[in-house]
Ligand code: FEO
């Protein structure tokens, strides 16, 4: 049965939620589901903005048909060709064979890669800055390359001041009947998932995100309409400010993320002893066992906080496998501007510390403290002074920055 909502009097959300998906993109757990957003505009011409993932095709097509209310579908604007937004495009073309697909050249090229319908005859190619009129509504197209794929485009509708942002400003999590971010306690219930979504999906492309934010900063935006998560009509500045922090790799908060990998709890014990010392100095800490917590959550926490401590046992003469996976993920997501410290463990051939520092060395403006700790099997009483020194050095950074 159809299930859609009005964004404005003439704009409808016709997307759908998926709560059965275990791993988004095969990588990121989505325990609270995910929404795939599509929007339908009723003007002199009807315009659909993007389609949805194949998993929710049935309700999506019911939504489109019902929201069209007997009208013909004139245009489909495609912002992003990743299949979570385009897998139902062929189904749409079959149902509405006269629809004109509005997209940029790169999108048309990708459409040919994914599909076998006659893309050239169905598309109207648009360029950055070009305008499109559907009747009362006039829209402008803005390219947003690498937010999150190279073909990504946004559309600004100057009539209702809606910005269709593709993956930007999205979040993990199903909508659960809500459509607008102000209908939920976003900061309490969704901000962590929005950060995890940003850091893992778009985090690598901060420069490109900043470029797009600059482009749209001159626009008067009343609605942010992303492809996942809620529509924003209040507190847009607050959410844009979050994006400014994430995209410029500036921490949102002062605090220390302690990520550890420990086979027999000895490395974990050292991490706990450090956390106690930091808390005693009034420094917020969050701890993750990287063997238990998915890398996407730890990556997101590192985007949130100012400091990072990595503690890992040595394993097969390298970094413990789960720490190695997390760390390579973190480096791949381009983390910058952090202060870090390293704790290593090894019963016979210590090497994880050196290797973790090498990984961190690939990151821009990540300072690795000289204060370090090397454990041979288990932390000893006489080594507590080294943890004291590490806690001091981390705390000094806090004082200096405040
Ligand atoms: Fe939600 Fe990049 O797709």
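Residue 216 meets each of the listed conditions (1) crowded, with 17+ Cβ neighbours inside 10 Å; (2) outside the structural domain of residue 17 (by TED's automatic domain parsing) apart from (2). Counting the residues of segment 1-41 that are assigned to a strand (DSSP E or B) and without any contact (Cβ under 8 Å) to a residue 24 or more places away in the chain gives 2.
For residue 306, indicate whether it is crowded, with 23+ Cβ neighbours inside 10 Å and part of a strand (DSSP E or B). Answer is no for this residue. For segment 12-31, a residue qualifies if it is more than 16 Å from the ligand (Cβ to nearest atom) and surrounded by fewer than 22 Cβ atoms within 10 Å (Cβ to Cβ), and the qualifying residues are 19, 20, 22, 31. Step by step: first the residues of segment 179-199, then only those that are more than 15 Å from the chain's Cα centre (by Cα) and closer than 20 Å to residue 50 by Cβ, then the one that is surrounded by the fewest Cβ atoms within 10 Å (Cβ to Cβ). Which residue is that? Once the filter is applied, the top-ranked residue is 180. In the set (1) outside any strand (DSSP E or B); (2) under 24 Å from residue 5 (Cβ atoms); (3) within 16 Å of the ligand (Cβ to nearest atom), residue 209 fails one condition alone, (2). Looking across segment 46-60, the residues that are touching a helix residue (DSSP H, G or I) at 6+ places or on another chain (Cβ under 7 Å) and crowded, with 21+ Cβ neighbours inside 10 Å come down to 46, 48, 50, 51, 52, 53.
The values are calculated or read from the model by the stated rules, or taken from the named source; none is laboratory data. Keep in mind it's a predicted model, so treat the numbers as computed, not measured. Glycine gets a Cβ as well: all are built from the backbone with ideal geometry, and neighbour counts include every protein chain shown.
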